[in-house]
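Following: one structure in structure tokens, then a few remarks.
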Amino acid sequence: MAFTVIMAGGRGERFWPRSRMSRPKQFLNLVGDKSMLQLTVERVESIFGVSNVYVVAGSEFEKMVVRQVPHLPEENIIIEPFGRDTAAAIGLAATVLGRRNPHEVMIVLPADHYITNTTRFQEALMSAVAAARQGNEIVTLGITPHRPETGYGYIHRGEMQDTFGGIP
């Protein structure tokens with residue numbers, strides 16, 4: 001088991017004109033008949049169970065989350081009192097979930113990523129959870145950047161550890 005937190009609070013400003021504040025990117029069907037949020041929930045609920053999936057969103061998006069993911073337990077929707085970006089959303093989720101089980105691993109995912117190889121992604125998540133359980137570790141999964149991008153921040157990478165069975 002692991003808690004999986006899906007951040008779905010963005011306003012869709014970078015994907016304008018397709019997304020609007022009233023219907024941001026994570027609630028749009030961009031790559032098929034399901035929204036980005038629905039696809040993200042599907043990717044993780046099949047390995048961790050829907051009872052361990054949590055969605056963090058602003059109150060203005062609560063009804064959209066319920067409509068798009070009706071099988072998600074109501075108590076698994078974490079409503080931000082006000083939007084303060086990624087760190088605050090993660091902190092809120094960590095506080096809520098820490099009260100439920102302070103020793104459980106917490107996975108944090110954006111609701112709007114496009115993943116083509118779901119099986120490989122799930123394998124990487126399970127390996128990351130196993131690595132996090134080995135100690136008091138933070139595990140980060142991502143793609144190799146090709147240029148600096150201040151919109152995503154910077155991670156200073158230490159020595160590469162082959163914890164994930166050959167995943168670079």
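Looking at VAL69, is it under 22 Å from LEU141 (Cα atoms), crowded, with 16+ Cβ neighbours inside 10 Å and touching a helix residue (DSSP H, G or I) at 6+ places or on another chain (Cβ under 8 Å)? For VAL69, the condition - under 22 Å from LEU141 (Cα atoms), crowded, with 16+ Cβ neighbours inside 10 Å and touching a helix residue (DSSP H, G or I) at 6+ places or on another chain (Cβ under 8 Å) - is not met. The set of residues in the range 75-91 being at pLDDT below 95, under 27 Å from MET126 (Cα atoms) and of a type outside the set (Val, Ile, Thr) consists of ASP85, ALA87, ALA88, ALA89, GLY91. Looking only at residues of the range 138-147 that are under 18 Å from the mean Cα position of the chain (by Cα) and farther than 15 Å from PHE3 by Cα, we find that the one that is modelled with the lowest pLDDT is ILE143.
For the range 60-104, filtering for residues that are under 19 Å from GLN38 (Cβ atoms) and assigned to a loop (DSSP other than H, G, I, E, B) leaves 5.
The values are calculated or read from the model by the stated rules, or taken from the named source; none is laboratory data. Keep in mind it's a predicted model, so treat the numbers as computed, not measured. Neighbour counts are summed over all protein chains in view; Cβ atoms, including those assigned to glycine, are modelled from backbone coordinates with ideal geometry.
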